[in-house]
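What follows is one structure encoded as structure tokens, with my remarks underneath.
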Amino acid sequence: MELLKLHHDFIAEHHRKGTPFIIFQGGRRSGKTVSILQFLYLESLTHPATRTLIVTDTYARLKESIFQDLIMINRSAGGDGRRMRIHFTGGTRVLFETGSEFAFVYAGRDVRGYASNFTYIFFNECIQYDARTVREALKAAGPGCQVFFDYNPYTRFWLNDLYEREDNKLITTYHNNPFLSDFVRRELDNMAERGKDAAPGTMERYLYEVECRGIDSTLSGLCLPHHRTIADEDYHLSPLPEILACDWGALHATADPDVICGFRFDTNAIYAHEYYYSRHGGDEEMAAVLRSIPFCHQYLVYDTATEGADRVRSLFARTHLRFHFSPARKGAGSVLTGIRNLQPYEICVTASSRHFLEELENYRFVQKGDTLQPSDNWNHCCDALRYAFDLWTMLPRTVKK
């Protein structure tokens, strides 16, 4: 099995020293995840009964990334189905012929009930999680447990303050991964060429710094600059499934509006329609709006602020619609992460969605202390979009068709 030498020399040094937290920050395709999985795979084969907990943000990432990398690693090491077996029943896990085991948990889910005494814990794409989720998972650590984090940066976040020490972080780029295909290398070279001389604050410069150089960065200017207007009928006649999202603020006479938006997701585009936007309405008005929407077993994701569970019960009592109600996932860093995940998409908003379009023209990064952060204004429809996108990424593929 060919190893990523830079990464494994770094792991070996800190493994020997017993460093509790080992951090991999870097650009896209720099080999962070694969190198950590290679180490954990070899440890599981050479040290019987090694127990590893791997944390991912969604089942889709586990199935389409982690499992595929493990299968590739096992094949390149000359292993077969007896050496490493993936089980989907009785809890997803990987079992090794040595009695070692990989267990899995999803960020934001309750991790209680997982046995403790894990030898290793690996947080994959840890920028997706809040600090509370990490602290809960760390309760499963055994004596001398070593913890791995990997992520693509966008700006400093809680990980840097809580777990980064003098020398326990490795920053890598795609240049440090000699096993990349020519196609991927050309793609990243082209991105670097476009972005290295681009003006600060542009998308090209941002992608160059984060994806190619693997350094902390943020995008000044508009938070979601790629948007355009479409005809209302283009949205309503679309065969794509719809997710409804609520951002609530008007209860208890706050200054923020209540918002209901609908979203349809495609490979490169997001289609949006504003159904309701009011600072002076209430549950009865929102229920009437929901009853007017053609009901096709939609998911409805809602903000948990302003007594979210009570408002769900109130809307359900008034509509009697069997929506799949789902609370929005929120936490430290979730706003920046959501914006970063949405930026590659074109957001196509119906012409009648005047508040949404106005928000997109005004929702921007502002200076807060030493960093640029999303403003607290012009963000209500955009918050609903973040909630819907986050839910969409977690839905089974069959539901998205």
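The values are calculated or read from the model by the stated rules, or taken from the named source; none is laboratory data. Worth saying up front: this structure is predicted, and the values here are computed from it rather than measured. As a convention, Cβ positions derive from the backbone with ideal geometry for all residues, glycine included, and neighbour counts pool all protein chains shown. Each accessible area value is taken on the protein alone, full model and side chains, heavy atoms only, with ligands, DNA and RNA left out. Shrake-Rupley method; radii C 1.70, N 1.55, O 1.52, S 1.80 Å.
The local environment of residue 335, defined by Cβ-Cβ distances under 9 Å, has a net charge of +1 under the rule Lys, Arg +1 and Asp, Glu -1. Taking every protein chain into account, the 1.4 Å probe leaves residue 215 with about 50 Å² of accessible area, to the nearest ten. If you run the Gaussian network model on the chain, springs between alpha carbon atoms under 10 Å, then out of 332, 269, 317 the most flexible one is 317.
Between residue 341 and residue 296, residue separation times 0.36 nm minus the direct Cα-Cα distance comes to 13.5 nm. Here the sum of -39500 (n - 2.57) over DSSP H runs of 4 or more residues, divided by the residues of the chain, equals -9500 deg cm²/dmol at 222 nm, to the nearest 500. Under the simplified labelling scheme, the residue 233-residue 305 pair shows an inter-label distance of 3.8 nm, with each label point 7 Å from Cα along Cα→Cβ.
Ordered by 1.4 Å accessible area with all protein chains kept, 44, 65 run largest first as 65, 44. With contacts taken as Cα pairs under 8 Å at a separation of at least 6 residues, the chain carries a relative contact order of 17 percent. Between residue 197 and residue 167, the simple spin-label model (points 7 angstrom out along Cα→Cβ) gives 3.9 nm. At 10 °C and 1.306 mPa s, what whole-number value in µm²/s does Stokes-Einstein give for the translational diffusion of the chain, with Rh from the Kirkwood sum over Cα pairs? Reported coefficient: 69 µm²/s.
Here region 21-40 and region 146-215 have alpha carbon centers that stand 12 Å from each other. From a point 7 Å beyond the Cα of residue 152 in the direction of its Cβ, which residues of region 314-353 have a backbone N at a distance under 16 Å? Of the residues in region 314-353, 336-346 have backbone N under 16 Å from the label point off residue 152.
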